[in-house]
Amino acid sequence: MEIINLVLDFVLIAMSVWMLTIVTGYGGYIGRSFRVIGWGAFILGIAHLVETITFEVFGFSQFVVELSHRIIIVVGFALIIIGFQMFVQKK
């Protein structure tokens with residue numbers, strides 16, 4: 001089961017990198033907001049990989065793993081919200 005989780009973690013990261021490459025060509029306010037949203041998605045993908053690694057490889061306690069995962073998720077969602085806010089304010 002752990003290998004499936006790890007593979008899915010890398011799929012999430014690959015998809016977020018793909019998203020970042022798609023929005024790279026946009027300029028101006030729209031491009032900046034898309035890039036912030038893309039970085040938020042990238043951080044969300046990283047959060048899952050960090051969760052898997054900290055639990056499986058380093059053997060941290062479940063509390064530390066879940067807390068760190070949620071903190072990283074909050075940062076990713078905050079970037080996505082900021083990106084959408086930038087988009088709406090300048091449209």
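Brief remarks on what is shown
- D (Stokes-Einstein, µm²/s), Kirkwood Cα radius, the chain, 1.567 mPa s at 4 °C: 93
- Selection from Leu67, Ile46, Met19 lying farthest towards where the dipole of the chain points positive, charges on Cβ: Met19
- Of the residues Gly28, Gly59, Gly40, the one that moves most in a GNM of the chain with alpha-carbon contacts below 10 Å is Gly28.
- Chain lengthening between Ile30 and Leu67 when straightened (0.36 nm per residue, less Cα-Cα): 10.0 nm
- The phi torsions of the stretch 74-86, fed into the Karplus equation with coefficients 6.51, -1.76 and 1.60 and a -60° offset, translate into couplings of 4, 4, x, 5, 4, 5, 4, 5, 4, x, 5, 5, 4 Hz, rounded to whole numbers, with Gly and Pro shown as x.
- ³J(HN,Hα), Karplus 6.51/-1.76/1.60, whole Hz, each residue of the stretch 65-72, x for Gly, Pro: 4, 5, 5, 5, 4, 5, 5, 5
- For the chain: accessible area per residue (Å², 1.4 Å): 67
The values are calculated or read from the model by the stated rules, or taken from the named source; none is laboratory data. These numbers were taken from a predicted model, which means no experiment stands behind them. Neighbour counts run over all protein chains shown; Cβ positions are idealised from the backbone, glycine included. The area values use the complete protein model at the heavy-atom level, side chains included, leaving out ligands, DNA and RNA. Shrake-Rupley method; radii C 1.70, N 1.55, O 1.52, S 1.80 Å.
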